[in-house]
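The values are calculated or read from the model by the stated rules, or taken from the named source; none is laboratory data. Keep in mind that this is a model prediction, so the values were computed, not measured. Note that each Cβ is placed from the backbone with ideal geometry, even for glycine, and that neighbours are counted across all protein chains shown.
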Amino acid sequence: MLPESIIALTNLQELDIEGCQWFVKLPEGLDSMKKLTMLNVDKCVSLTRLPHGIGQLTDLQNLSVYVTADSLASITLELQSLANLKELCLKKLDELPSAEDARALKLKDKMFLKRLALCWEWWDVEVALATNAALLQHEQVLEDLQPTLALINLEIVSYMAKKLPRWMTRIQGYLKHLREIKLVNLRKCERLPPLGQLLGLQTIEISGMDSITTVDDAFYGDGDNNNDGDGDSDDDRDDDGDGDSDDDRDDDGGTFPRLKSLIFSEMLMLERWLKPKGEGDMFPELCSLMLIQCPKFKELQMPPSENLYKLSVWLNNDKLLSSEFVGWQKLEGVRSLEISGCEELRCLPPGIKHLESLEWLEISRCNNLMALPDWLAELKSLRYLILRDCARLSFIPERLKQSPRLYIMFIPNRPILT
């Protein structure tokens with residue numbers, strides 16, 4: 001544990017003990033460190049409660065907290081006093097007993113809160129055995145963890161209910177200032193939130209949503225996510241009273257006008273990404289798209305973006321190689337392509353021929369790739385070919401090797417190429 005004498009450092013502004021797994025207690029009297037603005041106890045898994053009086057650190061802006069049944073009362077009391085928090089991480093929310101306890105945290109009243117992480121800790125066996133009543137309780141808990149309108153960064157990890165709360169299905173009225181969202185391991189969640197309604201959103205990462213099969217109008221914000229049968233009227237949507245309604249968003253629905261980075265990873269059932277039914281320019285500022293370990297993915301209808309610079313494909317997926325995969329022709333503006341970890345890849349997908357603007361091609365950890373095609377030399381914009389850890393790659397066409405405009409880099413492990 002930290003020495004008690006640390007409380008004498010009354011001018012200390014940041015205290016970072018991240019990763020101290022056996023750390024069980026913070027010094028009492030920490031409330032005397034009035035200038036403390038950041039207290040990072042992330043990954044201190046043995047720390048189960050905050051010291052009394054931490055709510056008196058009114059300048060505290062960054063706090064990571066493990067919620068346990070034993071510490072709930074003190075956490076609730078202390079958080080109510082920390083009105084200036086800008087960053088908050090709540091972990092082990094599976095130990096939060098009820099929706100009433102979640103409501104008592106009063107996150108929606110933290111008017112300066114900009115970044116919020118809400119994390120559950122479920123084992124796979126617990127998910128499999130969870131009753132409908134238990135999942136409904138967790139749905140109600142997340143409903144009552146509604147954050148402030150001012151939030152710009154939201155992360156939700158291992159939430160296991162089937163439905164998202166109202167403040168995420170009618171998201172424009174509750175999180176309209178959001179710039180970044182990360183949804184990880186929402187394995188039972190049946191629908192994507194209508195993120196296209198968030199006109200300022202710049203970064204999206206969605207990972208481990210095992211029940212999602214299709215990216216469709218619900219994601220763009222044009223579907224029926226707003227009608228989940230909960231009986232709430234539109235007047236209920238904005239509890240902060242700024243009067244926003246669905247009419248405030250663009251008539252064309254979700255356009256993701258400022259989105260720059262989009263990641264879909266470990267989506268085990270995802271098969272199709274459909275284009276929206278509405279009109280309008282989609283993803284006009286999207287620069288980076290990553291598709292990582294989506295084993296059933298076979299169809300990409302996403303409208304092309306002139307600014308889409310980098311496409312990363314980490315798909316252990318035989319569909320990627322065949323005519324069954326629809327979508328390469330939509331990506332003719334891509335300038336950088338990374339193909340990584342595709343164990344089924346034995347030859348490059350012929351659809352890459354459509355990438356007329358491609359300048360950088362990196363292929364890594366594709367251990368069954370044996371040869372490169374001659375047609376790569378026809379990609380007149382291609383300048384860099386990076387080959388990394390492709391153990392069975394043994395042939396590169398002479399036409400490629402002699403191209404004066406192409407720089408080829410080999411990075412072990414690899415055999416001697418011919």
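Brief remarks follow.
- Close pairs (6 angstrom Cβ cut-off, 6 or more residues apart or separate chains): without any contact (Cβ under 8 Å) to a residue 40 or more places away in the chain in the range 88-102, buried (at least 17 other Cβ atoms within 10 Å of the Cβ) and among the small types (Gly, Ala, Ser) anywhere: none
- Options ARG179, ARG166, ARG187, ARG170; residue that is of a type in the set (D, E, K, R) and under 28 Å from LEU308 (Cα atoms): ARG179
- Within the range 359-388, restricting attention to residues that are under 20 Å from VAL334 (Cα atoms) and under 27 Å from the mean Cα position of the chain (by Cα), the residue that is surrounded by the most Cβ atoms within 10 Å (Cβ to Cβ) is LEU361.
- Residue check, VAL67 at pLDDT below 85, under 20 Å from ILE156 (Cα atoms) and either out of contact with any Lys or Arg (no Cβ under 9 Å at 6 or more places or on another chain) or of a type in the set (S, T, N, Q) (or both): no
- Residue match in the range 220-242 (condition: at pLDDT 80 or above and either touching a strand residue (DSSP E or B) at 6+ places or on another chain (Cβ under 7 Å) or surrounded by 14 or more Cβ atoms within 10 Å (Cβ to Cβ) (or both)): yes
- Given (1) over 23 Å from the mean Cα position of the chain (by Cα); (2) at pLDDT below 85, number of the condition VAL127 does not satisfy: (1)
- Residue pairs whose Cβ atoms lie under 8 Å apart, separated by 6 or more positions or on different chains, with the first residue in the range 157-172 and among the small types (Gly, Ala, Ser) and the second crowded, with 22+ Cβ neighbours inside 10 Å, are SER158/TRP120; SER158/LEU186; ALA161/HIS138; ALA161/LEU142; ALA161/CYS189.
- Selected residue (only one of GLU332, GLU362 is modelled with pLDDT under 90 and of a type in the set (Asp, Glu)): GLU332
- Summed over the range 47-60, residues that are in contact with a Phe, Trp or Tyr (Cβ under 8 Å, 6 or more places away or on another chain) and buried (at least 18 other Cβ atoms within 10 Å of the Cβ) total 1.
- Scanning the range 24-36 for residues that are in a loop (DSSP other than H, G, I, E, B) and either crowded, with 17+ Cβ neighbours inside 10 Å or aliphatic (A, V, I, L, M) (or both) turns up VAL24, LEU26, MET33, LEU36.
- Taking each residue of the range 1-25 that is closer than 16 Å to THR37 by Cβ and looking for partners that are among the aromatic types (Phe, Trp, Tyr) with beta-carbon atoms closer than 9 Å, six or more apart or interchain, yields ILE17/PHE23.
- Set side by side, the residues LEU136, LEU77 differ, and just one is surrounded by fewer than 17 Cβ atoms within 10 Å (Cβ to Cβ), modelled with pLDDT under 85 and either within 24 Å of the chain's Cα centre (by Cα) or of a type in the set (D, E, K, R) (or both), which is LEU136.
- Assessment of the range 94-114 against the conditions (surrounded by fewer than 18 Cβ atoms within 10 Å (Cβ to Cβ), more than 18 Å from the chain's Cα centre (by Cα) and among the basic types (Lys, Arg)) yields at least one matching residue.
- For the range 212-219, the condition holds for no residue, the condition being that it is within 29 Å of MET111 (Cβ to Cβ), part of a loop (DSSP other than H, G, I, E, B) and touching a strand residue (DSSP E or B) at 6+ places or on another chain (Cβ under 9 Å).
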